[in-house]
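Before any comments, here is the structure.
The values are calculated or read from the model by the stated rules, or taken from the named source; none is laboratory data. Please read these numbers as outputs of a predicted model, since none were measured by experiment. Using ideal geometry, Cβ is built from the backbone for each residue, glycine included, and neighbour counts are taken over all protein chains shown.
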Amino acid sequence: MNSGPQVTAIASDRTSEPVLVASGVRKSYRTPQGALEVLQGADLEVPRGTILAIVGASGAGKSTLLNILGTLDRADAGTVEISGRRVDHLNGRDLARIRATQLGFVFQFHHLLPEFNAEENVMMPLLIAGADSTSARRRAREALQAVGLEERWLHRPSELSGGEAQRVAVARALAPSPELVLADEPSGNLDQRSSGALHDLLAMLAREREQTFVVVTHNDRLAARADRVMVLEAGRLRPA
């Protein structure tokens with residue numbers, strides 16, 4: 001019986017350079033009532049191997065900010081740097097390459113493909129990025145082992161619990177060895193026990209593998225596990 005994730009420490013040289021820096025990020029949307037300013041100059045800096053939790057009221061713009069940090073959306077103004085490289089002004093092809101190689105994404109719903117098993121689901125983004133099947137399979141199994149699912153990689157999503165399926169989603173995000181993982185309410189669809197296990201996993205990955213996370217959450221317990229918590233309020237970020 002699987003007792004949970006067993007994360008093995010790996011050697012890594014710490015650097016003082018933050019993985020993510022955002023400065024003066026602004027975003028507004030047109031509405032029938034006029035321009036709605038969602039972000040009004042958000043700033044943040046995330047060191048390697050840490051978890052930053054972003055909290056705030058519903059509709060405050062947390063998911064919008066996360067999409068901009070993950071290059072899924074563009075800001076109206078401001079800059080975003082990943083590992084010292086400015087990315088907010090790049091073209092679509094370069095952004096797609098960054099998303100495939102430097103960024104991982106975890107959402108509230110795991111979005112696993114039901115006809116494929118866990119291993120195949122984790123392999124999918126690697127194959128899309130151009131990895132050969134042998135390399136993709138090896139990296140998928142390593143990622144599944146890192147999240148404690150080495151005994152479940154041949155199971156389809158319907159054969160997994162909600163917590164296990166979300167851990168497959170984390171493995172899928174980890175498989176390309178990204179600089180940064182962005183998570184939007186990753187435990188929002190889980191029960192309390194599964195949520196706790198997922199929170200433990202993220203904390204362990206940050207500590208043992210020096211993986212960097214930015215997590216948007218309403219879950220106080222997940223925020224409490226973060227190294228730093230920031231509140232998005234009135235379009236700006238402030239320390240909690």
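In the stretch 119-149, which residues are surrounded by fewer than 15 Cβ atoms within 10 Å (Cβ to Cβ) and in contact (Cβ under 8 Å) with a residue 24 or more places away in the chain?
ILE128
Being farther than 18 Å from VAL106 by Cα, of a type in the set (Val, Ile, Thr), exposed (fewer than 11 other Cβ atoms within 10 Å of the Cβ) and modelled with pLDDT under 95: is that true of THR15 here?
Taking the combined requirement at face value, the residue does not satisfy it.
Does any residue of the stretch 186-205 turn out to be part of a strand (DSSP E or B) and surrounded by fewer than 17 Cβ atoms within 10 Å (Cβ to Cβ)?
No, because not a single residue in the stretch 186-205 is part of a strand (DSSP E or B) and surrounded by fewer than 17 Cβ atoms within 10 Å (Cβ to Cβ).
Could you pull out the residue among VAL231, VAL168, VAL214 that is within 16 Å of the chain's Cα centre (by Cα) and assigned to a strand (DSSP E or B)?
Exactly one residue qualifies, and that residue is VAL214.
Can you pull out every residue in the stretch 150-167 that is touching a Leu at 6+ places or on another chain (Cβ under 7 Å), under 18 Å from PRO125 (Cα atoms) and surrounded by fewer than 20 Cβ atoms within 10 Å (Cβ to Cβ)? I'd like the intermediate steps shown before the answer.
The initial filter retains those residues of the stretch 150-167 that are touching a Leu at 6+ places or on another chain (Cβ under 7 Å), namely 150, 152-153, 157, 162-167.
Next, only the ones that are under 18 Å from PRO125 (Cα atoms) stay: 153, 157, 165-167.
Within the stretch 150-167, no residue meets the criteria.
So which helices (runs of 4 or more DSSP H) are wholly in the stretch 43-142 and hold at least 2 residues that are modelled with pLDDT of 95 or more?
The qualifying helices (runs of 4 or more DSSP H) are 62-69, 118-128.
Looking at the structure I just gave you, is ASP220 acidic (Asp, Glu) and over 20 Å from GLU164 (Cβ atoms)?
Numbers: acidic (Asp, Glu): yes; over 20 Å from GLU164 (Cβ atoms): yes.
Criteria met by ASP220.
Only one of VAL215, VAL170, VAL229 is under 28 Å from LEU95 (Cα atoms), surrounded by fewer than 22 Cβ atoms within 10 Å (Cβ to Cβ), in contact with a strand residue (DSSP E or B) (Cβ under 7 Å, 6 or more places away or on another chain) and in contact (Cβ under 8 Å) with a residue 12 or more places away in the chain; which?
Numbers: VAL215 fails: surrounded by fewer than 22 Cβ atoms within 10 Å (Cβ to Cβ); VAL170 fails: surrounded by fewer than 22 Cβ atoms within 10 Å (Cβ to Cβ).
It is VAL229.
Taking GLY56, is it crowded, with 21+ Cβ neighbours inside 10 Å and among the small types (Gly, Ala, Ser)?
Criteria not met by GLY56.
Only one of these is hydrophobic (A, V, I, L, M, F, W, C) and touching a Ser or Thr at 6+ places or on another chain (Cβ under 8 Å): ILE98, ILE128, ILE68, ILE82. Name it.
Just a single option satisfies the conditions, and that option is ILE98.
If GLY78 satisfies all but one of (1) surrounded by 13 or more Cβ atoms within 10 Å (Cβ to Cβ); (2) within 25 Å of ILE128 (Cα to Cα); (3) not β-branched (Val, Ile, Thr), what's the number of the condition it fails?
Failing condition for GLY78: (2).
Kindly indicate the residue of the stretch 143-165 that is in a loop (DSSP other than H, G, I, E, B) and among the aliphatic types (A, V, I, L, M) and also farthest from ALA197 (Cα to Cα) among those meeting that condition.
The initial filter retains those residues of the stretch 143-165 that are in a loop (DSSP other than H, G, I, E, B), namely 147-156, 160-161.
Filter once more, keeping what is among the aliphatic types (A, V, I, L, M): 147, 149, 154, 160.
Details: VAL147: 10, LEU149: 13, LEU154: 21, LEU160: 15 Å.
Among those that are in a loop (DSSP other than H, G, I, E, B) and among the aliphatic types (A, V, I, L, M), it is LEU154.
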